[in-house]
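Reading through the structure tokens given below for one structure.
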Amino acid sequence: MRLKLLIILFFSLSIFAQASDKEKIEYLLKSIKESNHTFIRNGDEHTSEEAYKHLSFKLNYVKKTFFFFGPEKNIPIKDFIEKIASKSSSTDKPYYIKGKNLKKTPVKKWLYMKLDEYKKLNKLQKVAKPELVSEEDQKLKQ
């Protein structure tokens, strides 16, 4: 019985971890779309909107093509960054990003910077949330 509970707990925790990876990927895709930077793929320049559409297409393609992910499965954040969003799957050339205040940078590096930004924002949001206190507890504090 304990073994079954441990197994259920393990899978529950792994599902929770995967859900956060899905949120991180959505954040990264949104960051790409809203960046207004130029993305360089195989030597050609693309808008942030085009980059967003391309990477969303690649992500969905991977989910549909590879049975171990599947449409309802989540891709680990590291796999998304390193295998899907950072380089061409056909030429293996890295993607780059540049912008008004950004020198030509590998997309991989930029995405990891954005991931750090996401983690910092989440920590701040958790700290900023007020505790829910019952009315009785509030009276006791007075």
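Condition (residue is farther than 15 Å from PHE80 by Cβ, at pLDDT 95 or above and crowded, with 19+ Cβ neighbours inside 10 Å) applied to segment 45-58: is it met by at least one residue?
no
Looking at (1) part of a helix (DSSP H, G or I); (2) over 18 Å from ILE75 (Cβ atoms); (3) not β-branched (Val, Ile, Thr), find the lone condition where ASP92 falls short.
(1) is the only condition that ASP92 fails.
List, please: which pairs have Cβ atoms under 7 Å, are six or more places apart or on different chains, and start with a residue in segment 31-55 that is under 20 Å from MET113 (Cβ atoms) and part of a loop (DSSP other than H, G, I, E, B) and end with one that is hydrophobic (A, V, I, L, M, F, W, C) and modelled with pLDDT of 95 or more?
Within 7 Å, the pairs are HIS37/ILE97.
Hey, among LYS119, LYS93, LYS108, which residue is basic (Lys, Arg) and free of Cβ contacts under 8 Å to residues at least 12 places away in the same chain?
LYS119
Exactly one condition in (1) under 14 Å from the mean Cα position of the chain (by Cα); (2) modelled with pLDDT of 95 or more; (3) outside any helix (DSSP H, G or I) is false for ASN74; which is it?
(2)
The values are calculated or read from the model by the stated rules, or taken from the named source; none is laboratory data. This is a predicted model, so every value here is computed, not measured. Neighbour counts run over all protein chains shown; Cβ positions are idealised from the backbone, glycine included.
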